[in-house]
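I have placed the structure first, in the form of structure tokens, so that the comments after it can refer back to it.
None of the figures in this text is laboratory data; all of them are computed from the coordinates on show. It should be emphasised that the depicted structure is a prediction, and the values quoted were computed from it without experimental measurement. All Cβ positions, glycine included, derive from the backbone under ideal geometry; neighbour counts span all protein chains shown.
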Amino acid sequence: MRNTVSRADIIRGRFSGIPDSIRPPYAIAEEDFRARCEPCGDCRKACETGVIGQDGEGFPILLFGQAECSFCGRCAEVCTTGAFRKSHARPWVATAHVKSNCLSFNAITCRSCEENCEAGAIRFRLMTQGRALPLIDAAACTGCGNCAVICPNQSIEMKNRETEEVFA
Ligand code: SF4
Ligand code: SF4
Ligand code: SF4
């Protein structure tokens, strides 16, 4: 869990005002999820990283500004309503995107995202004038959000890989 105050505060600021639509991993389709989820909060209490929060109606949402998801699956395991299905090929549709304010892209040395990506989904393309562009391998990216949490410059956002919508 990555929850130092300074970093979390930075990221929370970055995500403010963005639709809070992403459900925990393995959640079933949104309409069905809302029909089944009670919402009791059991998944939130079971979450080992603390990345699950609540939306305005009490339904669970992912707060990438608070922590990353380890994909431990506890949220799905404790839920008794059928709102999760662990047989999903992908736990969710989030993927990381690097913004143009990236420090490395602007010739300031930084490799934090690459160093903290357990999936090995980030590599750097060297450019002129001391710049290097982080490239996300969409096939390898699990959407865990760790890079977004760790980035010191709010340069990574999590998007729905199908719609390009920016997640909360
Ligand atoms: S998979 Fe684990 S870390 Fe991720 S939201 Fe569920 S309980 Fe939390
Ligand atoms: S951690 Fe952020 S600022 Fe640093 S290289 Fe990665 S995207 Fe750029
Ligand atoms: S979201 Fe997770 S898997 Fe994807 S690039 Fe970031 S750290 Fe790597």
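Using DSSP to define loop residues, name the GluC sites (Glu not before Pro) in the stretch 105-140 whose beta-carbon has at most 13 other beta-carbon atoms within 10 Å. If you can, show how the numbers build up before the last one.
Numbers: sites: Glu114, Glu115, Glu118; in loops: Glu118.
Of the GluC sites (Glu not before Pro), the ones in loops of the stretch 105-140 whose Cβ has at most 13 other Cβ atoms within 10 Å are Glu118.
Kirkwood Rh, the stretch 26-77, all Cα pairs: how many Å? Could you put the intermediate results ahead of the total?
On the way: mean 1/r = 0.0887 Å⁻¹.
Roughly 11.3 Å, rounded to one decimal.
Pop a pseudo-label 7 angstrom from the Cα along the beta-carbon direction at both Cys40 and Thr80 and give the gap in nm to one decimal.
0.5
What is the sum of charges around Ala76, taking Lys and Arg as +1, Asp and Glu as -1, for the other residues whose C-beta is under 10 Å from the C-beta of Ala76?
Spelling it out: positives minus negatives among the neighbours equals +2.
Please give the peptides 52-63, 126-137 ranked by average Cβ packing (other Cβ atoms within 10 Å per residue), highest first, as a rough proxy for protection.
Order by mean packing, descending: 52-63, 126-137.
Ordered by packing density, taken as the mean number of other Cβ atoms within 10 Å over each peptide's residues, highest first, how do 141-153, 24-36 rank? Write down the numbers at each step before the final one.
Details: 141-153: 22.8, 24-36: 17.2.
Ranked by mean Cβ neighbours within 10 Å, highest first: 141-153, 24-36.
Given axes a ≥ b ≥ c from the Cα gyration tensor, I'd like to know whether the stretch 38-131 is rounded (a/c under 1.5), prolate (a/b larger than b/c) or oblate. Kindly include the intermediate steps, with their values, before the conclusion.
Numbers: a/c = 3.24, a/b = 2.46, b/c = 1.32.
Verdict is prolate for the stretch 38-131.
HN-Hα J couplings of the stretch 27-42 from phi, Karplus 6.51/-1.76/1.60, θ = phi - 60°, integer Hz, Gly and Pro as x?
Each residue's phi maps through the Karplus curve to give 5, 6, 3, 3, 4, 5, 4, 5, 6, 9, 4, 7, x, 8, x, 4 Hz.
In sequence order, what are the phi-derived ³J(HN,Hα) couplings for the stretch 74-82 according to the Karplus relation 6.51 cos²θ - 1.76 cosθ + 1.60 with θ = phi - 60°, rounded to whole Hz, with x for glycine and proline?
These are the phi-based 3J(HN,Hα) values: 4, 4, 6, 6, 7, 6, 9, 8, x Hz.
Taking each pair of distinct Cα atoms in the stretch 94-160 once, what is the resulting Kirkwood hydrodynamic radius in Å? Don't skip to the answer; put the middle values down first.
Details: mean 1/r = 0.0859 Å⁻¹.
Across the stretch 94-160, the inverse of the average 1/r is 11.6 Å.
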